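Structure first, commentary second.
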Amino acid sequence: MKKTRPLSLLLLLFLTCALFLPARADILWEPIGNRFYEAHYEECQVIDRTYYVPEGSSLNLYQSPEDGAVLKELNALDRIYVNQSLEWDGELWAVGYPVGDYETEGWFRLGRLQLEYDHQSFCEDYSDTFTDYEGQLEGYRIQDQIYSWTYPGSGISDRSLEEINLDYSELTCQSVYTDPEGGQWGYVGYYMGRFGWVYLDDPENPEPPAFPQQAEATVTETGPEEAPSVSPLALVFVLVVLVAAVTAVLLWRMKKTQKK
């Protein structure tokens, strides 16, 4: 009997999980007009996941890892979308925005956040139990809206499929998961930028069975947060601007005095 090599098994697991990861590369958010990001984007690593502030803690959003001015403070359990990360001055920083407030983008210390259990986490844990979709939604007539969940039993529905005017006769799932109570969930991998899990037993139920799970611990920094130190180059730039401003004012006053 031919033995299966460990490398082949790892490759097979990777390809299996890849089939169920959402195709978001074409719609990935990026910070716009952020000078620090524009100067260092080639050094950044894509994260594209949601984290939250752990209990008893807080998080400051900064303009950049070089700027100590606080744009916004997040409190315990506030959720934040993490777009990309970057090693800077011995710390792991990330850029993103609070969930529901994408206009308030900023940089923050990733080590102060806890990863939220999500679809990717669920796939890593349960992909070997997924079964084929057998047309459970064929002929289904929508009454109001079909809810899309971050993972089976998460209790978090961040969108509904009605929002994209989907022709439900075309709704298909990549795979099916059966929960501990026997309920079936179908994964819609990608449709016009949308994806998520649908509770096949009752697609329009806003409160299907919940089985919330916890991701592995990711918090590495606790306690009071210190403002980032201003880099020497940034300090020089500020001093140059101040000197230029003072010089301009003095010249204006001299010309005004000469006219008198």
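Between T178 and Y126, residue separation times 0.36 nm minus the direct Cα-Cα distance comes to 17.7 nm. Using the Cβ-Cβ distance between E87 and E134 with R0 set to 51 Å, the FRET efficiency from 1/(1 + (r/R0)^6) comes to roughly 0.65. A Förster radius of 25 Å, combined with the Cβ-Cβ distance separating Q213 from Y102, puts the computed FRET efficiency at roughly 0.45.
What are the residues whose amide H is under 5 Å from the amide H of I47, where those residues sit 5 or more places off or on another chain and H is modelled from the backbone? So I47 has HN proximity to Q84, S85.
Values quoted throughout were computed directly from the atomic coordinates according to the rules given, and no laboratory measurement underlies them. Remember, predicted model here, so these are calculated numbers, not experimental data. Backbone-built Cβ (ideal geometry, glycine too); neighbour counts: all protein chains shown.
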